[in-house]
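The values are calculated or read from the model by the stated rules, or taken from the named source; none is laboratory data. Predicted model, so just to flag it, every value in this text is computed and none were measured. Quick reminder, even Gly has a Cβ in these numbers, built from the backbone with ideal geometry, and neighbours come from all protein chains shown. Side chains are part of the model used for accessible areas, which takes the heavy atoms of the whole protein and leaves out ligands, DNA and RNA. Shrake-Rupley method; radii C 1.70, N 1.55, O 1.52, S 1.80 Å.
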Amino acid sequence: MEYRKYNFVLYQGDCNDIISQLDGSVDMIFADPPYFLSTGKGTVKIGQRYINFDKGEWDRVRSKDEVYDFNYKWLSLCREKLKDDGTIWVCGTYHNIYEVANCLKDLGFKILNMIVWQKSDPPKTLTDQRFNFSAEYIVWARKCEKVQHYFNYQLMEAMNNGVHMPDVWKLPAPGTWEKTCGKHPTQKPLRLLYRIILASTRPGATILDPFAGSCTTGIAANLLGRKFIGIDQDGKFLELGKRRREEIEDVDIAANMLQRMAENPEDVQVIVNHARPELHNLMIEKGICYMRAGDTKGSVLVTPGFERIQYVMLHSNGNDAKLYRLKQKGCFQIWTKETLEEKGFHPKHASYYMVFHFDNTKDIPFSHDPKLREGINTYRSKIRPLSDFIGLK
């Protein structure tokens, strides 16, 4: 089977047979190969239900040498198709990831990071003999020892609260909004591919997934303006991938999916505050943003996630938006009206105010329209995720 939809191409068959026949080269490879977990005895009774954890022959347990040989073969073929400045990302657990890393080194790749994907909502491990399994690992490697790879360091830093992004990523498993066309037993979340693709490719890049499954890589790639080539042996999963690709032909569905995959449940938050033009300028001059506190109209509600506020955005009627970093994350002071008057302000509507101190020496560039005009809500203080302002261009 071969399927083409603009910049979305699928092939059914063994990746070892198909990769060598592909024309041209690719900028990045994402691979989620078999973890070799299935024993043929994967049925467990939970309450009144029997759940089958056996994924099939493709995931059957193999010997150490068999696992190494399997990974060495497909990785060597991928290396031939990868551009000299390209990178590869390979997922796994302890069952296969060490052999993957050994193969990468033996083939001449340079390992850059071992990313830990910490699942924020892991299922309970069905044994009392081990710690709960709550993470998977992703090896990131470049093709050549001495050829520099592409890495959008600035964007990753901006997405991580202005500091160097670590190699532990806390992200949830795929949500129901990612499974409207069907399910895959080892489906990866779009949020994971969103970060990987933005980190290591430029717009227009070509991405290859030799174990495409339900084509999460391809959906993320196309939504982010990249080209995709996917390979899988299982026709029913490729049919699922086709349905998912056709789903995002709907402009509204695509926009919603792009917005949701850009979200991070652990995202840094921004306090957004309207101020009259003269007050807007005075707040910037003083490095002080204040808003009403207490039981008054327009007060900000302190809710879970408030501790992740790291930025303040000031605007006037939705215009002249400026983004600044707070001096201390998630912290504010309560000042009286009189204290603000001592600082040169003239508050009129409340007795107490929440005060945020920010670094007024440098406003932070943001990549797209913050869309602050919301009717009456334009003038109300609110909390929004940083991904609303920084991320996609």
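List of remarks:
- Inside segment 75-104, residues that are closer than 16 Å to D32 by Cβ and open to solvent by less than 10 Å² (accessible area, probe 1.4 Å) make up a count of 13.
- Residue, nearest to the chain's Cα centre (by Cα), within segment 185-212, restricted to residues that are surrounded by 21 or more Cβ atoms within 10 Å (Cβ to Cβ) and part of a loop (DSSP other than H, G, I, E, B): K188
- Of the candidates I138, I97, the single residue that is within 23 Å of the chain's Cα centre (by Cα), modelled with pLDDT of 90 or more and within 30 Å of I309 (Cα to Cα) is I138.
- Per the conditions (1) open to solvent by 50 Å² or more (accessible area, probe 1.4 Å); (2) in contact (Cβ under 8 Å) with a residue 60 or more places away in the chain; (3) in contact with a helix residue (DSSP H, G or I) (Cβ under 8 Å, 6 or more places away or on another chain), the sole criterion not satisfied by V147 is (3).
- Qualifying residue in segment 153-174 (condition: closer than 19 Å to A212 by Cβ, of a type in the set (S, T, N, Q), in contact with a strand residue (DSSP E or B) (Cβ under 8 Å, 6 or more places away or on another chain) and not in a helix (DSSP H, G or I)): no
- Reported count of residues in segment 359-387, each being farther than 22 Å from G305 by Cα and among the β-branched types (V, I, T), is 2.
- Just one residue in the set E145, E136, E178 is touching a Cys at 6+ places or on another chain (Cβ under 7 Å), under 30 Å from K81 (Cα atoms) and charged (D, E, K, R); that residue is E136.
- Residue count for segment 93-144, restricted to those that are acidic (D, E) and closer than 24 Å to I197 by Cβ: 2
- Within segment 167-181, the residues that satisfy the criterion of being open to solvent by 20 Å² or more (accessible area, probe 1.4 Å), closer than 21 Å to G241 by Cα and either touching a Ser or Thr at 6+ places or on another chain (Cβ under 9 Å) or modelled with pLDDT of 95 or more (or both) are A173, P174, K179, C181.
- Elements of type strands (runs of 3 or more DSSP E) contained in segment 217-292, each with 3 or more residues being open to solvent by less than 30 Å² (accessible area, probe 1.4 Å) and at pLDDT below 95: 269-274
- Residue match in segment 334-342 (condition: open to solvent by 70 Å² or more (accessible area, probe 1.4 Å) and of a type in the set (A, V, I, L, M, F, W, C)): yes
- Residue match in segment 31-42 (condition: acidic (D, E) and either at pLDDT below 95 or open to solvent by 30 Å² or more (accessible area, probe 1.4 Å) (or both)): no
- Across segment 114-131, the number of residues qualifying as open to solvent by less than 70 Å² (accessible area, probe 1.4 Å) and part of a loop (DSSP other than H, G, I, E, B) comes to 4.
- Selection status of D267, in contact with a strand residue (DSSP E or B) (Cβ under 6 Å, 6 or more places away or on another chain) and under 22 Å from S120 (Cβ atoms): yes
- 1 or more residues modelled with pLDDT of 90 or more and hydroxyl-bearing (S, T, Y): qualifying strands (runs of 3 or more DSSP E) within segment 329-393: 333-336, 352-357
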